[in-house]
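Okay, structure first, notes after.
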Amino acid sequence: MDFAYKPNNMVMMKKKFLPVALAIFSVSVSLSACAQSRGSESEALPLQQNNSVYNKNENEFIRTSTRTGSFETDFTVAAENTVNEVVCIKSYATPRQSNYGGYDPFGMFDFFFGPQERQPQRRQPQQRNSEPVQTGLGSGVILSEDGYIVTNNHVIDGAEKLEVLLNDNSTYEATVVGTDEATDLALIKIDAKGLSPITFGDSEAVKIGEWVLAVGNPFGFNSTVTAGIVSAKARSLSQNSRNGRMGIESFIQTDAALNPGNSGGALVNLKGELIGINSAIYSNTGSYSGFSFAIPTSIVKKVMVDLMQYGTVQRAVLGCSVTELDAKLAKEKDITAVKSGLLVREVNDRSTAMELGLKENDVITAINGVDVQSFPQLVEQLNKYRPGDQISVTYYRNNKKETKTGTLRNTQGSTSITKKGEFADMGCAFMKVSDETKKKLGISAGVSVAGVKNGPFKDAGVKDGFVITEINGQNVNSVDDVERIFNQIMKSDDEDKVMFLVGLYPNGRKYYYAVNLQPE
């Protein structure tokens, strides 16, 4: 989902309710440095996932332990275990001519109250060699003693320079290791030693009503700790989960007070263990008004390891469209064995769902023994695994329970692991075109583009729903054809690596695109 602030991007409620907007915590203010230090050391352990232990040298920035702490309402242990593990992140960019017509999206008053009236000013010529200025503030969480830090993608997006301030008042310039827009996570690194890394907790073990603490730098107030409870799990904030995109839609919802500047900070349990990365608030002002949302560590760990090892996130999909089961739908389909789950609508070719033998009207209820009653819960579970991993799926068919095991695949139907710059890094997915769409468009074959995000296809102007019929003069009948042509282009001696697309949108209009595979 897109967390970028837009002045008119309001979610309208029913009559008489105030509009609400999903606000980003990053805000442009002049900030004080992050304050005093506290020592906290414990042994780093490698991450265990899918019954295997990752290479410690590559993944030592993910550590777990068994801290002890108060389980009443004494928050001092959790606070002491955490404040030195959260950092301030300032982003800088070179000033450019504004396209906002007097609206400053990073200005304090504009951010909260909309565009302000300004006296007309004479336009000054832009300086060519102007220095970067601070454009935003966020938080980050230390993952390793040698300087790996996790934060939100929207905290560092568009920054030309990143400055990290530790609690001992030391300052470092950070480099970006990898980003993932879909989960709004980023991995950065500073050149430092002997840092105090956070301890990972189990976000799946968190219970509704459990006390939690949020640690970050709201409005530039360094090392701020706020308390609240977990008010919901697997919370979805938009309709992204219903259009086939891979965005994170399984947040931990809390009532711990968060404000601009908290983005990328830590959500911890009362033992000081990380259970989420704070990412968004639900508000009608841009400031905290009751609800805040964090990305669970079950997803954070997987994304961080992928960015470290491969430079891009390895996404696995089940390969079927589903609808959440409710009482009306259950009655319509004569489903009596279960009251909740995910009703299978359509199964894709070359998919895990097809390998499992899933059929229309089956009801999926669990992945690897973990209950999934909603689409966000399904996405959360799948985000823990990579293509090639084995999973078990429990489902009901004709009111009889079945469990089968299959191999997860990526959106291209492959089990291979990809690295940044390869075919899977196109910034979109390619889907089979339904017979109904082919008939409507008057075509015999084609591949549909879905889930367009940052990448060469988005840069070229391609939008979701575009049906590709030709690439570089060659007919396209399947996803394999797209990958084959891509590989031909990348292996050719031509200096310009370009995909020339021919296709149609669902309204029947024909378009041509030139997709640069090696953007500057």
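The mean of 1/r over all distinct Cα pairs in the range 443-489, once inverted, gives the Kirkwood hydrodynamic radius of 11.2 Å. For the range 174-229, evaluate the Debye formula with one uniform point scatterer on each Cα (no solvent term) and list log10 I(q)/I(0) at q = 0.12, 0.13 Å⁻¹, rounded to two decimals. Each listed q maps to, in turn, -0.48, -0.57. Descending by average beta-carbon neighbour count within 10 Å, the peptides 258-266, 311-319, 436-444, 462-470 line up as 258-266, 311-319, 462-470, 436-444, the highest first.
Between Ala366 and Val372, Thr394, the built amide H atoms are under 5 Å apart, and every one of these is 5 or more places off in sequence or on another chain. Per-residue Karplus couplings for the range 211-227, computed as 6.51 cos²θ - 1.76 cosθ + 1.60 with θ equal to phi - 60°, are listed in order as 5, 9, 10, 10, 10, x, 10, x, 6, x, 7, 5, 6, 8, 10, 10, 10 Hz, Gly and Pro entered as x. Loop-located trypsin sites (Lys or Arg not before Pro) in the range 348-412 (DSSP state not H, G, I, E or B) with no more than 16 neighbouring Cβ atoms inside 10 Å: Arg350, Lys359. Residues whose amide H lies under 5 Å from that of Ala280, counting only those 5 or more places away or on a different chain, are Phe293; hydrogens are built 1.01 Å from N in the peptide plane.
Note down the Stokes-Einstein diffusion coefficient of the range 273-393 in µm²/s, whole number, using a Kirkwood radius over alpha carbon pairs, 10 °C, and 1.306 mPa s. The Stokes-Einstein estimate is 96 µm²/s.
Accessible area per residue was computed with a 1.4 Å probe on protein heavy atoms; Glu324 scores about 60 Å². Distances between placed amide hydrogens fall under 5 Å for Phe466 paired with Val449, all partners being 5 or more residues away or on another chain. Rounded to whole numbers, the Karplus 3J(HN,Hα) couplings from phi for the range 260-267 are x, x, 7, 3, x, x, 9, 10 Hz, using 6.51 cos²θ - 1.76 cosθ + 1.60 with θ = phi - 60°, and x at Gly and Pro. Here the Karplus curve 6.51 cos²θ - 1.76 cosθ + 1.60, taken at θ = phi - 60°, turns the phi angles of the range 285-297 into couplings of 10, x, 10, 4, 9, x, 10, 9, 9, 10, 7, x, 5 Hz, with x standing for Gly and Pro.
The values are calculated or read from the model by the stated rules, or taken from the named source; none is laboratory data. This structure is a prediction, so every number in the text was calculated from the model and none was measured. Heads up, the Cβs are rebuilt from the backbone with ideal geometry, glycines too, and the neighbour counts pull from every protein chain shown. Just so you know, the surface numbers come from the protein's heavy atoms only, side chains and all, with ligands and any DNA or RNA stripped out. Shrake-Rupley method; radii C 1.70, N 1.55, O 1.52, S 1.80 Å.
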